[in-house]
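The values are calculated or read from the model by the stated rules, or taken from the named source; none is laboratory data. On a predicted model such as this, the values are computed, not experimentally measured, just so you know. So basically every Cβ, Gly included, is an ideal-geometry build from the backbone, and we count neighbours across all protein chains shown. When the accessible area is computed, the model is the full protein with side chains, heavy atoms only, and any ligands, DNA or RNA have been set aside. Shrake-Rupley method; radii C 1.70, N 1.55, O 1.52, S 1.80 Å.
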Amino acid sequence: MKTSVEELEDNKVKLSVQVDEPEFEKAVDAAFRKIAREVNIPGFRPGKAPRRILEKRLGEGVARGEALRDAIPEYYAQAVKDNDVDVIAAPEIDITEGEEDGPVTFEAVVEIRPVVVVPGYESLRITIPAPVATDEEIDDQIQRMLGQHAELATVERPAAEGDYVTIDIEGSQGDEPLDGLTAQDYSYEVGSGGIVGELDEALVGASAGDELDFDADHPDPDEEGMHFVVSLKEVKERVLPEPDDAWAAEASEFETIAELRDDLANRMTAVRKMQAQMSLREKVSDALAELVDVEVPEALVNNEMQQRLQDFAMRLQAQGLTLDQWLDNSGQDQGEFVETLRTTAAQAAKFDLGLRAVVEAEGIEATDDDVDAEFAQVAERLNLDVKDVRKQFDAADQVPQVEADIRMRKALDFLVSTVEIVDEDGNPIDRADLEVGDETDTDDVDPEAQADDAASVEEPIEHEESDE
């Protein structure tokens, strides 16, 4: 088989492939054997009729057409591999010679992955939250712990947000009582929004003994409004214990409040460090994608969208949900969901192109030790022998993909290890300050204490490395 590659416009190439007659005859023989299993020839068992009988009965053209349909995809795949063509879409194939007899020649026009350069990746500056818990955050955590030991005390004053009130409540709609909205001696936290917003508005400033009568909108805009009659019977405020040594000894394993604060500082800082590490990788990925100043081919975006959709559907399936059910539960429109998916897929595709550019620019390679370590991890995860894992990858011709994935990961690690890191005030952050000691226990740290940072560490663009 002879092949050649010609570069075309619009990020495409043309593969010209010529298969000589003896080689294609093997495909024709295979086609006759396939046909023999599918047709009944008197005097022969299925699959046993010789080629000459089939040719006489059916003609050679039937088998040649079958051979072209079956073999050309294989010839094309081999040509792509031999010429190291990085295709990203299905080819347009045109048979130019050999449909009737003789050697077979065809041309395949296919879109390829663009090769980009990313000037400036060597001087990226990444801003992440400072990986140290502040005194204010420690104070907030102490307040949460105090709140867990709070007591309720009756007060002779109007109710305010955060107070607990005892009420009799009657809810109705169109003069009909509403199940679940009628109760006696019901304890309710003012400002919680646990029933309707209008209830909180009515309670703030009201005192024990007041009768409240008000209307409220129904959560469903298509439903008729509701009416409430509320008797406010008692107002209680939360009384927090004093944050002293006695309380610390009772509420924790420490004898003093100072020791408790030190422990919280250590554990909260460990959480901040882990979040900072995640944020650093995410922001490096985003910054690299911004350096890719080319229009991402639609084929790459579609491939990324398809992969992400499949992964998401599998996660939903594990939870017993369909995509339609998830959309209904989340209140998200299908068009909005697809648009968000497309945006994140396009960003991930740009990151992928940028990372490949770094691999090329830095000459990053996957060593034999890297590949061995990868197979060892797969073997351990699947509880298989590492030799069997390697055989399976070899048989599926997936070792080059493993090497490509390793190069991409090493490129991202390289960037993470070389970018300039600063906090929100522009102060440099030492990478050593992001390391978390193995002895640090973060299990009891309330994620709420890390409010802004925790909220920012959503599931990022998953930057899966595509085929290289």
Going by the alpha-carbon gyration tensor, a ≥ b ≥ c the square roots of its eigenvalues, is region 24-113 rounded (a/c under 1.5) or, if a/c is not under 1.5, prolate (a/b greater than b/c) versus oblate?
prolate
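Between Val117 and Asp369, how high is the FRET efficiency from 1/(1 + (r/R0)^6) when r is the Cβ-Cβ distance and R₀ = 25 Å? Nearest 0.05.
Values: r = 29 Å, r/R0 = 1.18.
So the FRET efficiency works out to roughly 0.25.
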With both partners inside region 125-268, how many of the DSSP beta bridges are antiparallel, as a percent to the nearest 5?
100
Taking protein heavy atoms only, a 1.4 Å probe, and rounding to whole percent, the accessible area of the chain owed to carbon and sulfur comes out at 45
For a bin width of 5 Å, list the pair-distance distribution of region 311-361 built from all Cα-Cα distances, rounded to whole %.
5, 18, 17, 19, 14, 10, 9, 6, 3, 0
Report the label-to-label distance for Val109 and Asn383 in nanometres (one decimal), using points 7 Å from each Cα along the Cα→Cβ vector.
5.4
Per residue, how large is the accessible surface of region 221-374? Use a 1.4 angstrom probe and give square angstrom.
55
Log entry: pair-distance distribution for region 158-205, C-alpha pairs binned every 10 Å from zero, whole % per bin is 26, 55, 18, 1
Where Met305, Met408 fall by accessible area, highest first, once all protein chains stay in place (1.4 Å)
Met305, Met408
Beyond a 28 Å Cα-Cα separation, which of these cross-linked pairs lie in this structure: Lys283/Lys410; Lys81/Lys350; Lys26/Lys387; Lys14/Lys350; Lys14/Lys410; Lys2/Lys410?
Lys26/Lys387; Lys14/Lys410; Lys2/Lys410
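Rounded to the nearest 500 deg cm²/dmol, what is the calculated helix-only ellipticity per residue at 222 nm for the chain, with -39500 (n - 2.57) per DSSP H run of length n ≥ 4? Display every interim value, and only then the final one.
Details: 14 runs with 220 residues, N = 468.
Calculated at 222 nm, the ellipticity per residue is -15500 deg cm²/dmol.
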Would you mind pulling out the separation of the Cα centroids of region 253-281 and region 116-141, in Å?
17
Report the percentage of all Cα-Cα pairs in region 64-156 whose separation exceeds 17 Å, rounded to a whole percent.
73
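Determine by what factor the alpha-carbon radius of gyration of region 298-385 differs from 2.2 N^0.38 Å, reporting the quotient.
Working: Rg = 18.1 Å, N = 88, 2.2 N^0.38 = 12.1 Å.
Working it through for region 298-385, the quotient is 1.50.
Between Glu9 and Gln334, what is 0.36 nm times their sequence separation minus the Cα-Cα distance? Round to one decimal in nm.
Values: separation 325, 0.36 × 325 = 117.00 nm, distance 3.55 nm.
Full extension from Glu9 to Gln334 adds 113.5 nm.
Could you compute Rg(Cα) / (2.2 N^0.38 Å) for region 149-271, with N its residue count?
Values: Rg = 20.1 Å, N = 123, 2.2 N^0.38 = 13.7 Å.
The value comes to 1.47.
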Restricting things to alpha carbons, tell me how big region 366-416 is in terms of Rg and Dmax, in Å.
11.5, 35
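Taking the alpha carbon gyration tensor of region 259-306, what are the square roots of 5 times its eigenvalues, largest first, to the nearest whole Å?
In descending order, the three semi-axes are 40, 12, 4 Å.
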For region 92-223, take the alpha-carbon Rg, divide it by the Kirkwood Rh, and send me Rg/Rh.
1.50
Magnitude of the charge dipole, the chain, Cβ model with Lys/Arg +1 and Asp/Glu -1, debye to 20
4000
Rounded to the nearest 0.05, what FRET efficiency do Glu250 and Thr418 have when you use their Cβ-Cβ distance and R0 = 56 Å?
0.70
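Val62 to Glu201: FRET efficiency via 1/(1 + (r/R0)^6), r the Cβ-Cβ distance, R0 56 Å, to the nearest 0.05?
Details: r = 82 Å, r/R0 = 1.46.
Taking R0 as 56 Å, the efficiency between Val62 and Glu201 is 0.10.
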Please compute the modelled spin-label separation between Arg342 and Glu362, points set 7 Å along Cα→Cβ, answer in nm with one decimal.
3.4
log10 of Debye I(q)/I(0), alpha-carbon scatterers only, for the chain at 0.10, 0.12, 0.13 Å⁻¹:
-1.04, -1.25, -1.33
Hey, what did the chain get for relative contact order, percent, Cα under 8 Å, at least 6 apart?
17
On the Cα set of region 1-151, report Rg and Dmax in Å, please.
31.2, 98
